[in-house]
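Colleague: Below you will find the structure I want to go over with you.
The values are calculated or read from the model by the stated rules, or taken from the named source; none is laboratory data. In this text the structure is predicted, and so the values were computed from the model without any measurement. Cβ placement follows ideal geometry from the backbone for every residue including glycine, while neighbour counts extend to all protein chains displayed. We work out accessible area using only protein heavy atoms, side chains counted, and drop any ligands, DNA or RNA first. Shrake-Rupley method; radii C 1.70, N 1.55, O 1.52, S 1.80 Å.
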Amino acid sequence: MDMNEETSQSRKLKCDDTSKCFQLLESILDGEMDNSKEVLKEKLAKCQPCFEHFHLEQAIRDVLKTRCTKQEVPTELADCIRQKIQDIK
Amino acid sequence: MSEVQRRKYSQEEKNTIFDGEFMPHIDSMYNFAYRLTFDEDDAKDLVQDTYLKAYRFINSFEQGTNAKAWLFRILKNSFINEYRKKSKQPAKVDYQEVETYYNSDDVDYQSTTDLRAESVKGMLGDEISNALNSLAVDFRTVIILCDLEGFTYEEMAKILDIPIGTVRSRLHRARNLLKDKLRGYAHHMGYDTDEEEEI
Ligand SMILES: [Zn+2]
């Protein structure tokens, strides 16, 4: 997805309130905002820092979700737990 | 998630809940425990203790409700009460780093100007994991719960016993700190950064 080039000239280069905007964008990415579509469209179309922040945050969430190494669960752990539960029943 | 024992499950019901609702989360629980303790044996003990507690207090769990959040809360409390003290690799909290970081107004703006989404996409799982693991435990925890385990802010508030507003601001800080670490990797690895292209 190469969206960085398109229409970037129509965006303002300085965000009015990065702190507020970025937290809002993060809440949207976390699925914590209702009616987020409209807000998002507006922000991304008009503000370059918001646009970049959104895509960076999205990329970070993606790699965290898909690439963060998972620890292999020791095979005996579940049996161990079941045995201990048997003992206290 | 009140601790009041509202029910009295039969032995059979207990088994059904334990096997059907608690045990399926063992992978997530172990991964959470490992990222808190950085030690295989400690993680195993922590998960085991959590399940034993869950069984002991099973009457305060309402069948069919959010078992994963309930279990994570027990695990997190066990970690704070027992493991944090004796952990082989004590949680390193770099308060100075955190403070100086947040005394700067420009911090949010900087975050985007010199770390690119493309650089992040090119990073390896180990680099991401290491960056996450290097965060102080409170910051690490919110990112694990939100991004790795997919809990909502409301669930996280219950697991961590903090208000939703605190969840939101702690996550925001955690993400800024994580970006700092990733930026370090990006520079170290010679990944593309914005600076040169701005001319
Ligand atoms: Zn903006």
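Colleague: Compute the long axis of helix A:36-46 from its Cα atoms, compare it with the longest principal axis of the Cα atoms of chain A, and write down the angle in degrees, 0 to 90, nearest 10.
Modeller: Long axis of A:36-46 versus the principal axis of chain A: about 40 degrees.
Colleague: Moving on. I'd like the isolated cysteines in chain A, meaning no second cysteine's beta-carbon lies under 4.7 angstrom from theirs.
Modeller: Among the cysteines of chain A, those whose Cβ sits 4.7 Å or more from every other are A:CYS15, A:CYS21, A:CYS68, A:CYS80.
Colleague: Another question about this same structure. Could you rank B:SER78, A:SER10 by how accessible they are, 1.4 Å probe, largest area first?
Modeller: Most to least solvent-accessible, the answer reads A:SER10, B:SER78.
Colleague: Return one number: the angle in degrees, 0 to 90 and rounded to the nearest 10, between the long axis of the Cα atoms of helix A:48-67 and the longest principal axis of the Cα atoms of chain A.
Modeller: 20
Colleague: Here's something else I'd like to know. Could you list the square roots of 5 times each eigenvalue of the Cα gyration tensor of region A:3-88, that is, the equivalent ellipsoid semi-axes, sorted largest first and rounded to whole Å?
Modeller: After diagonalising the Cα gyration tensor, the semi-axes are 44, 15, 10 Å.
Colleague: May I pose another question? Strictly over 18 Å apart at the Cα level, which of A:LYS89/B:LYS44; B:LYS53/B:LYS76; B:LYS44/B:LYS181; B:LYS76/B:LYS181 would you flag in this model?
Modeller: Flagged as over cut-off: A:LYS89/B:LYS44; B:LYS44/B:LYS181; B:LYS76/B:LYS181.
Colleague: Would you be so kind as to list the residues of region B:127-149 that have their accessible area lowered by at least 50 Å² in the full protein complex compared with their chain by itself (1.4 Å probe)?
Modeller: B:ILE128, B:ASP147
Colleague: So what is the relative contact order of region B:11-86, in percent, for Cα pairs below 8 Å that sit 6 or more residues apart?
Modeller: Rounded, it is 36 percent for region B:11-86.
Colleague: How many angstrom separate the Cα center of region B:111-143 from the Cα center of region A:17-66?
Modeller: Measuring centre to centre over Cα atoms gives 17 Å.
Colleague: Under 23 Å Cα-Cα from A:LYS46, which lysines qualify once same-chain neighbours fewer than 8 residues away are excluded?
Modeller: A:LYS12, A:LYS14, A:LYS20, A:LYS37
Colleague: Nearest 100 Å² is fine: how much accessible area is buried between A and B, summed over both sides, with a 1.4 Å probe?
Modeller: Interface between A and B: roughly 4000 Å².
Colleague: Using alpha-carbon pairs under 8 Å, 6+ residues apart, how would you state the relative contact order of region A:3-88 in percent?
Modeller: Taking the mean separation of contacting Cα pairs over the length of region A:3-88, I get 32 percent.
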